[in-house]
Amino acid sequence: MSGQHAPPPETGLRTGPPIDPSVAALGCQSVTKTFGAITAVDDVSIGIDQGEWVSIVGPNGAGKTTLLNVLNGFYDPDTGGNIYLSGEDVTTEPSYKRARKGLGRTFQGLELFEDEDVLENIMTTRAVKQRPNLLSALLFYVGGGRRTEAENMRRVEEILDYLELWEYRHSTIGSLPLGIQRRVDLARSLALEPDVLLLDEAMSGLTFDEKYDMVRFLADLHEKEGLTLVMIEHDLEVVTDVSQRMIVLDQGAIIARGEPDSVVDDPEVQRIYTGVE
Amino acid sequence: MPSGEYFTSYEDRMGLLRWRIEYVAFALGLPIPLLAPFVMTGQLVSVFTLVFIFIIGVLGLHVMLSYAGEIVLAQGVFMGIGAYTASRIINELALGILPAMLIAGLVTAFIALVFGLPAWRVKGFYVAISTLALQFIAIQFFFRRSEFAVIHGGTQQSLPSNIGLVTDVITIGSATEEYFFAFVVMVVFAVLTMNLSRTGIGRMFRALHENDLSAQVLGINRFRNKLMAYAIGGFMVGVSGALYAIYIGFITPEFYSIDITLLQYVMLLLGGMGRVWGVILGVTTVELLNHYLLETLINAFPEATALEPVFFGVIIIVVLIVEPKGIMAALGQLKEYLRKWPYAY
Ligand SMILES: Nc1ncnc2c1ncn2[C@@H]1O[C@H](COP(=O)(O)OP(=O)(O)O)[C@@H](O)[C@H]1O
Ligand SMILES: [Mg+2]
């Protein structure tokens, strides 16, 4: 009788992060984020290795976006939690500094500069990368302003080329289909030349073809450029296809983690997913 | 098939003059302000001198408003600070116009920056309130009190009618000299402002204004850039105040009341926010209307004391109804048409 109540075989799905967060490319240790009575993120520790592709899944309201916001510095974690970037504790650093240290991100709600064209949207990121100086900006022709501008433009054109956005370069964001807008968001964060890129539902709302394109670009960036990717994604088929590891969040807490194939087969994960969909 | 005119190189796209129509307008337009003072009446020369001076100030407002994205209500007192500072540099130190303008700009930049500090609060009207308070306290109290003469140098001050550019070298005195001097300074600031908007700093300003969140994700330091916008804008308003004092030759707190603030907003709105050419057009239109139409109206109805606010109130309402983006937007459509000419599409 008692044999039937033996613990399930050790799968590793509910163990801690395989990589020590404090030395990972991106990590967090014991991070909790509460909004009043809501615990959006509940004691989460993750460690993402250089060059990994990790997916974060979970039902709506699980705390996925909040976790990204804590990682990139929009929200401070509740006291006790720490955030690490390339082994450095960045818990108290504002988001713009984390961005400059190589942490890029895109948005679920596409926070593009709506009134400007594709080129300008991406040039803005280059502008930051360049750390413009007031004097050379004011003088433009005499100071290096004009040359810097031309250099930036060339780099941006490479990115446009890479992401096949060339034909849209002069189109205003508002006039473009969602699939292209999401690609511009990706292009814009790439212009910062990040080491780690956080993607918040970069494929939601896309058609099959658009999704396929997006996966193709991400796979290319991951393989050829060695970009570390952390992606929030609902489509489990995509997740299992592309990512090396996945993390399942439910009600703010990690309920499973590990190889995508074994994670999606986990009864606990399936319960949450079938309970929602 | 492509029609009309397109950029062929990066450098083309970056030029100050990018389109055929702009070259034509530039070639035709340039001689006008240079020859104008020799054919205009003395009164008109003086009106245009004032236009140039106000363009500098409204460009400053444009930088603060479009780039820091918060309402500033202290235009009047910022010009006043520039004026009083310049007056002291000229009267007490006899350093001349250029040093006076520079120091007036720096002092105003500093004050604008300090009053921009509440901008670190994420949203709200903190800057509007703090600058409005500054406007009233400074003009109704501080500059009127002789106790503060150590700082402002006297409530009412006169400036000499001939002042050198640096000490007493190359004096500026006649109306025509003032006209050309104000014109050159205006052109310098207009070009600097355009340069600002075409380069990284302008892009960072715009990014913050358009989307705070993504700006930070792209590595833009929100607070630092906002303060920089206040300092740059404040500098320009201070310079404009210094020139205004030199132009009138006399300063008193009443010249720098909230009316100046409101007038500059009318100018900015009318021309269309966010563009240097819009500022130039807006200021010119308002000053000309002010000078001709309003003067005629006031002469016709001397009892109607509220005529001026009503007049500008009506202008704002009409602009908001007809073309909320200002004259510049209306002209932009015309320009697009001419650019593609002779092709219909
Ligand atoms: N700024 C906020 N203020 C209050 N509650 C928030 C805020 N952001 C998120 N939440 C709450 O935290 C929970 C997790 O939200 P979110 O991270 O957006 O979930 P997900 O991205 O997984 O769908 C939700 O209950 C949401 O209402
Ligand atoms: Mg979300």
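The values are calculated or read from the model by the stated rules, or taken from the named source; none is laboratory data. Since we're looking at a predicted model, the values are computed, not measured. Backbone-built Cβ (ideal geometry, glycine too); neighbour counts: all protein chains shown. These accessible areas exclude ligands, DNA and RNA; they are computed on the full protein's heavy atoms, side chains included. Shrake-Rupley method; radii C 1.70, N 1.55, O 1.52, S 1.80 Å.
A compact table of results
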| item | result |
| --- | --- |
| Failed item, numbered, when A:Asp195 is tested on (1) modelled with pLDDT of 90 or more; (2) more than 14 Å from ligand 1 (Cβ to nearest atom); (3) away from chain B (no Cβ under 14 Å) | (3) |
| Hits in the range A:77-100 (condition: away from chain B (no Cβ under 14 Å) and assigned to a loop (DSSP other than H, G, I, E, B)) | A:Pro77, A:Asp78, A:Thr79, A:Gly80, A:Gly81, A:Ser86, A:Gly87, A:Thr91, A:Thr92 |
| Qualifying positions in the range B:213-235 - open to solvent by less than 10 Å² (accessible area, probe 1.4 Å) and touching a residue at least 40 places away in the same chain (Cβ under 8 Å) | B:Asn225, B:Ala229, B:Tyr230, B:Gly233, B:Gly234 |
| Residue that is nearest to the other protein chains (Cβ to nearest Cβ) [pool: residues in the range A:198-224 that are under 12 Å from A:Ile180 (Cα atoms) and within 16 Å of ligand 1 (Cβ to nearest atom)] | A:Ala202 |
| Qualifying residue in the range A:101-110 (condition: part of a strand (DSSP E or B), more than 16 Å from ligand 1 (Cβ to nearest atom) and within 14 Å of chain B (Cβ to nearest Cβ)) | yes |
| Test: residue in the range A:173-182 that is within 13 Å of the chain's Cα centre (by Cα), crowded, with 20+ Cβ neighbours inside 10 Å and under 16 Å from B:Leu218 (Cβ atoms) | no |
| Qualifying residue in the range A:57-76 (condition: under 20 Å from A:Gly252 (Cβ atoms), among the aromatic types (Phe, Trp, Tyr) and either open to solvent by less than 20 Å² (accessible area, probe 1.4 Å) or more than 10 Å from ligand 2 (Cβ to nearest atom) (or both)) | yes |
| One residue from B:Val279, B:Val283, B:Val239 being under 16 Å from B:Phe312 (Cβ atoms) and buried (at least 24 other Cβ atoms within 10 Å of the Cβ) | B:Val283 |
| Residue match in the range A:19-27 (condition: farther than 16 Å from A:Ile232 by Cα and within 14 Å of chain B (Cβ to nearest Cβ)) | no |
| Subset of the range A:115-129 (residues that are among the acidic types (Asp, Glu) and more than 7 Å from chain B (Cβ to nearest Cβ)) | A:Glu116, A:Asp117, A:Glu120 |
| Residue list for the range A:163-184, filter: touching a residue at least 12 places away in the same chain (Cβ under 8 Å) and part of a helix (DSSP H, G or I) | A:Tyr168, A:Ile173, A:Gly174, A:Leu178, A:Gly179, A:Ile180, A:Gln181, A:Arg182, A:Arg183, A:Val184 |
| Residue in the range A:258-275 that is touching a Gly at 6+ places or on another chain (Cβ under 8 Å), among the aliphatic types (A, V, I, L, M) and modelled with pLDDT under 90 present | yes |
| Flag for A:Ser262 being surrounded by 14 or more Cβ atoms within 10 Å (Cβ to Cβ), more than 14 Å from chain B (Cβ to nearest Cβ) and either within 16 Å of ligand 2 (Cβ to nearest atom) or within 17 Å of A:Gly63 (Cα to Cα) (or both) | no |
| All positions within the range B:199-212 that are open to solvent by less than 30 Å² (accessible area, probe 1.4 Å) and either out of contact with any Pro (no Cβ under 7 Å at 6 or more places or on another chain) or outside any loop (DSSP other than H, G, I, E, B) (or both) | B:Gly200, B:Ile201, B:Gly202, B:Arg203, B:Met204, B:Phe205, B:Ala207, B:Leu208, B:Asn211 |
| Pick from the range B:176-198, criterion free of Cβ contacts under 8 Å to residues at least 24 places away in the same chain and either open to solvent by 10 Å² or more (accessible area, probe 1.4 Å) or more than 7 Å from chain A (Cβ to nearest Cβ) (or both), ranking: farthest from B:Thr49 (Cα to Cα) | B:Leu192 |
| Condition broken by A:Lys224, with the remaining ones in (1) under 14 Å from A:Asn121 (Cα atoms); (2) more than 16 Å from the chain's Cα centre (by Cα); (3) modelled with pLDDT under 90 satisfied | (1) |
| Any chance B:Ser257 is within 14 Å of another protein chain (Cβ to nearest Cβ) and of a type in the set (S, T, N, Q) | no |
| Residues (small (Gly, Ala, Ser), within 15 Å of ligand 1 (Cβ to nearest atom) and touching a strand residue (DSSP E or B) at 6+ places or on another chain (Cβ under 9 Å)) located in the range A:35-72 | A:Ala40, A:Ser55, A:Gly58, A:Gly61, A:Ala62, A:Gly63 |
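Okay, residues lined up against (1) in a helix (DSSP H, G or I); (2) surrounded by 15 or more Cβ atoms within 10 Å (Cβ to Cβ); (3) aliphatic (A, V, I, L, M); (4) at negative phi:
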| residue | (1), (2), (3), (4) |
| --- | --- |
| B:Asn91 | yes, yes, no, yes |
| B:Ala112 | yes, yes, yes, yes |
| B:Ala149 | yes, no, yes, yes |
| B:Gly154 | no, yes, no, no |
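Residue by residue, here is whether (1) without any contact (Cβ under 8 Å) to a residue 24 or more places away in the chain; (2) within 16 Å of ligand 2 (Cβ to nearest atom); (3) aromatic (Phe, Trp, Tyr); (4) not in a strand (DSSP E or B) holds:
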| position | (1), (2), (3), (4) |
| --- | --- |
| A:Leu186 | no, no, no, yes |
| A:Glu193 | no, no, no, yes |
| A:Met203 | no, yes, no, yes |
| A:Met214 | no, no, no, yes |
| A:Ala219 | yes, no, no, yes |
| A:His222 | no, no, no, yes |
| A:Val230 | no, yes, no, no |
